[in-house]
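Asker: This is the structure I want to talk about, given as structure tokens.
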Amino acid sequence: MHYEDWISYRYLTAKKSRFLSFLNFISVAGVAIGVMSLIVVIGVMAGFGNNLREKIVGTTPHIMIEKEIGIRDFAKIEDKVNTVDGVTSVSAYIQGNIFLESNGQAMGVVVRGIQTTKEDSVTRVKQYLVDGKMDDLRGDGIVIGKELARYYGFKLGDQVSLISPGAGMAGQAWRYPLTIAGIFKTGMADFDMNLVVVDLAKAQQLFNLDPNEATGIGVKVKDVYQAEAIKTKLYELLGYGFLIRTWIDINRNLFEALFLEKWGLFIILTLMVIVASFNIISTLIVTVTSKIHDIGILQAIGVPRASIRKIFTKQGMLIGVTGIFWGLASGFGVCYILKTYIQVPAEIYSIDHVPVDIQLSDTIAIVVAAFVISYLATIYPASRAAKLQPVEALRYE
């Protein structure tokens, strides 16, 4: 061990001065608490963000191909899209606004007509079913969300009607009686309240479309984060007469808000580490003041000023590194407890525990930030120690 490291370690662990030991402990604890807070908060934020992302990707296709006037002969377009590298499956759909009526009560909902034999390969709607079967959707069946069922008291087998304005002769509204064949729960209140699902053939009837016509084609890709690149390929294949949107395009504002919120909290909580760094400064200043005699002796025997500076810089860095280590350990421990033992209302979040996702990039950013702050805190006290003159340092003895 180099003598600079040995002296800085001795100053940090010396037991002769209880006051210095207490200051060292407070400095380490301050950095540890700051790092722990960053780990926990960023981990929980990332967990909730990923949970929301999975729900969005599960309820909507990765890529949606649409056209303002609708897509005719959608089967041919499906065959073309299937040839694109990275695409795993496709399924045509019809989506539009309609009125749902039951017992004299009506509300506007979004109806999605799906190909029941293919939709499961594109979205996770079938996995979200909590009651009923998707196979019963064919014909006059309808699948509704959990919130909508709770609000109106619907259950399996109940009769509802979809009112399609302008679908009948002379623009008259047509009423289509349907039977509730299933209830799904995504955990997203907007979907669970406002989305209903019917068979593609029934949706074509609701919106007065031809049997070979759809409003869009849903595409599932191997890697959801390559959706933008595949979108470019689809434009090259199909032309710019189509509107092609990815799951990122549709929810861009939401994801940008989550990103800003996450890093806003990162900046705010980093201030805790900055505040803790003042403890390092004060601890080193007190150490320098109490070790003036030692500094004078070291200088008198020929130790260069650079080495004096390194001694106190390394002491401050030891405080920082120790605090970072215990902050990481306690942060990971708290995250494990939150993820394993702390429950949240399942009816609100559709999960029964706190989602925590500790990402390597976030952890590295936290460690680097704490390390840099700890180093900056050592600059002034270490430079003051190095500037002491041997005569001034020894005359107090």
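Asker: Those residues that are of a type in the set (S, T, N, Q), in a helix (DSSP H, G or I) and under 33 Å from the mean Cα position of the chain (by Cα), I need them from the range 301-348; list them, please.
Answerer: Step one: filter the range 301-348 for residues of a type in the set (S, T, N, Q), giving 307, 313, 315, 322, 330, 340, 343.
Filter again for in a helix (DSSP H, G or I), leaving 307, 313, 315, 322, 330, 340.
Passing the criteria: T322, S330, T340.
Asker: Turning to a different aspect of this structure: Just one of D73, D85 is touching a helix residue (DSSP H, G or I) at 6+ places or on another chain (Cβ under 9 Å) and among the charged types (D, E, K, R); which is it?
Answerer: On the way: D73 fails: touching a helix residue (DSSP H, G or I) at 6+ places or on another chain (Cβ under 9 Å).
After applying the criteria, what remains is D85.
Asker: Output the residues belonging to the range 11-59 that are within 30 Å of N194 (Cα to Cα) and either modelled with pLDDT under 85 or not in a helix (DSSP H, G or I) (or both).
Answerer: Listed by number, the residues that qualify are F48, G49, N50, N51, L52, R53, E54, K55, I56, V57, G58, T59.
Asker: Six or more apart or on different chains, Cβ under 8 Å: which pairs go from a residue in the range 142-160 that's at positive phi to one that's surrounded by fewer than 20 Cβ atoms within 10 Å (Cβ to Cβ)? Could you list them?
Answerer: Qualifying pairs under 8 Å: G157/T179.
Asker: Suppose the filter is within 20 Å of V372 (Cβ to Cβ) and in contact with a Leu (Cβ under 7 Å, 6 or more places away or on another chain); does L271 pass it? Steps first, answer last, please.
Answerer: Numbers: within 20 Å of V372 (Cβ to Cβ): yes; in contact with a Leu (Cβ under 7 Å, 6 or more places away or on another chain): no.
Spelling it out, it is not the case that L271 is within 20 Å of V372 (Cβ to Cβ) and in contact with a Leu (Cβ under 7 Å, 6 or more places away or on another chain).
Asker: Restricting the range 103-123 to residues that are surrounded by fewer than 18 Cβ atoms within 10 Å (Cβ to Cβ) and in contact with a Ser or Thr (Cβ under 7 Å, 6 or more places away or on another chain), which is nearest to K202 (Cα to Cα)? Break it down into steps so the answer makes sense when it comes.
Answerer: Here is the first cut: in the range 103-123, the residues surrounded by fewer than 18 Cβ atoms within 10 Å (Cβ to Cβ) are 103-108, 110, 117-118, 120-121.
Right, trim to in contact with a Ser or Thr (Cβ under 7 Å, 6 or more places away or on another chain) and you get 118, 121.
Values: K118: 16, S121: 20 Å.
The selected residue is K118.
Asker: Separate question: Against the condition more than 21 Å from L234 (Cβ to Cβ), surrounded by fewer than 19 Cβ atoms within 10 Å (Cβ to Cβ) and more than 15 Å from the chain's Cα centre (by Cα), how does N97 come out, does it pass? Talk me through it step by step, then tell me what you get.
Answerer: Values: more than 21 Å from L234 (Cβ to Cβ): yes; surrounded by fewer than 19 Cβ atoms within 10 Å (Cβ to Cβ): yes; more than 15 Å from the chain's Cα centre (by Cα): yes.
For N97, the condition - more than 21 Å from L234 (Cβ to Cβ), surrounded by fewer than 19 Cβ atoms within 10 Å (Cβ to Cβ) and more than 15 Å from the chain's Cα centre (by Cα) - is met.
One line per residue, one yes/no per condition, for (1) exposed (fewer than 13 other Cβ atoms within 10 Å of the Cβ); (2) at positive phi; (3) modelled with pLDDT of 85 or more; (4) not assigned by TED's automatic domain parsing to the domain that holds F191:
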residue	(1), (2), (3), (4)
R245	no, no, yes, yes
I267	yes, no, yes, yes
I274	no, no, yes, yes
V286	no, no, no, yes
S290	no, no, no, yes
G296	no, no, no, yes
R305	no, no, no, yes
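Asker: Turning to a different aspect of this structure: Taking the range 93-137 on its own, how many of its residues are within 18 Å of G187 (Cβ to Cβ) and part of a helix (DSSP H, G or I)?
Answerer: 3
Asker: Just to confirm my filter: which helices (runs of 4 or more DSSP H) fall fully inside the range 174-258 and include at least 1 residues that are more than 13 Å from M64 (Cα to Cα), out of contact with any helix residue (DSSP H, G or I) (no Cβ under 8 Å at 6 or more places or on another chain) and basic (K, R)? Walk me through how you get there before you give the answer.
Answerer: Working: elements: 189-194, 200-206, 227-238, 247-250.
Per the criteria, 200-206, 227-238.
Asker: Do you know which residues across the range 321-356 are at pLDDT 90 or above and crowded, with 16+ Cβ neighbours inside 10 Å? Break it down stepwise before answering.
Answerer: Of the range 321-356, the ones at pLDDT 90 or above are 321-337.
Residues satisfying the conditions are V321, T322, G323, I324, W326, G327, L328, S330, G331, F332, V334, C335.
The values are calculated or read from the model by the stated rules, or taken from the named source; none is laboratory data. From a predicted model like this one, the values you see are computed outputs, not experimental measurements. Every residue, glycine as well, gets a Cβ built from its backbone with ideal geometry; the counts of neighbours run over all protein chains shown.
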